[in-house]
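Here the structure is laid out as structure tokens; the discussion comes afterwards.
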Amino acid sequence: MPEEGNEVQPPSAGEVLSQKESSTEFARLAERLITAEQDERRRLALFLHDGPVQSLSGIALMLDAVVHAIDQGKLDDAKEVLTDALERHRAAIRTLRELSFNLEPVVLRDRGFTPAVQALADELGLRRQIKIDVDVAAAELLGEKVQAALYQIVREALDGAVRRGPPGSAGRRSRRRSAPRRRPSGPGERPG
């Protein structure tokens, strides 16, 4: 028999329902997170397989051909194939370096969100010969993990914006309650 004042009260129906809803919501969010992680791993594996792994496999075959050409005394052919293999090798290194930067940008970790997004915009602008304006100061108030996720969203949004156009300019602005949006840059374009 419980001591006086230490009686255990059963939870109310509302408390049970609230706990069940919280548990269901938690399970749903956990499932979404796991699905997103699996999708990202799948996308990364496909990218690696279809890109750098294929390139490196091709380079290995080219180097086999170089060895065969040298054995045959065809040094000019060997030099030509070797030069092509080196170009492909350097391209594979650039691709892997770009992937590494996109997965964990050093500037994001070392200098913060705004400089990382500005560096991304500058690099993309130079590569695509467009002007990209960014205003992401509001995102400095977010936590580190949220900033890393937002950086990926901005990167994908900018990549998508220049792939669809390419626009003459693109812009990103962070606000407390809204996601980055593409500004129209050409005649007849609507905000995206």
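The values are calculated or read from the model by the stated rules, or taken from the named source; none is laboratory data. Note that this is a predicted model, so its numbers are computed, not measured. Using ideal geometry, Cβ is built from the backbone for each residue, glycine included, and neighbour counts are taken over all protein chains shown.
Just checking, does segment 59-73 include any residue being surrounded by 11 or more Cβ atoms within 10 Å (Cβ to Cβ) and polar (S, T, N, Q)?
no
Any chance you could count how many residues in segment 112-162 are hydrophobic (A, V, I, L, M, F, W, C), assigned to a loop (DSSP other than H, G, I, E, B) and surrounded by fewer than 18 Cβ atoms within 10 Å (Cβ to Cβ)? Write out each step before concluding.
Filtering segment 112-162 for residues hydrophobic (A, V, I, L, M, F, W, C) gives 113, 116-117, 119-121, 124, 126, 130, 132, 134, 136-139, 141-142, 146, 148-150, 153-154, 157-158, 161-162.
Restricting the remaining residues to those that are assigned to a loop (DSSP other than H, G, I, E, B) gives 130, 136, 142.
Filter once more, keeping what is surrounded by fewer than 18 Cβ atoms within 10 Å (Cβ to Cβ): 142.
Of the residues in that region, 1 qualify.
Which one is farthest from E104 (Cα to Cα) among residues in segment 1-45 that are modelled with pLDDT under 80 and aliphatic (A, V, I, L, M)?
Result: M1.
Do the conditions hold for R109, that is, is it part of a helix (DSSP H, G or I) and touching an Asp or Glu at 6+ places or on another chain (Cβ under 9 Å)? Write out each step before concluding.
Details: part of a helix (DSSP H, G or I): yes; touching an Asp or Glu at 6+ places or on another chain (Cβ under 9 Å): yes.
Judged against the criteria, R109 is a match.
Specify the residue that is surrounded by the fewest Cβ atoms within 10 Å (Cβ to Cβ); the eligible residues are those in segment 76-111 that are within 17 Å of the chain's Cα centre (by Cα) and of a type in the set (S, T, N, Q).
First pass over segment 76-111, keeping only residues within 17 Å of the chain's Cα centre (by Cα): 94-109.
Checking which are of a type in the set (S, T, N, Q) leaves us with 95, 100, 102.
Working: T95: 15, S100: 11, N102: 14.
Across segment 76-111, the extreme among qualifying residues is S100.
Checking the condition touching a residue at least 24 places away in the same chain (Cβ under 8 Å), more than 30 Å from R155 (Cα to Cα) and not assigned by TED's automatic domain parsing to the domain that holds R127, which residue from I59, I70 passes? Before the answer, list the steps.
Working: I70 fails: touching a residue at least 24 places away in the same chain (Cβ under 8 Å).
Result: I59 is the single residue among I59, I70 that is touching a residue at least 24 places away in the same chain (Cβ under 8 Å), more than 30 Å from R155 (Cα to Cα) and not assigned by TED's automatic domain parsing to the domain that holds R127.
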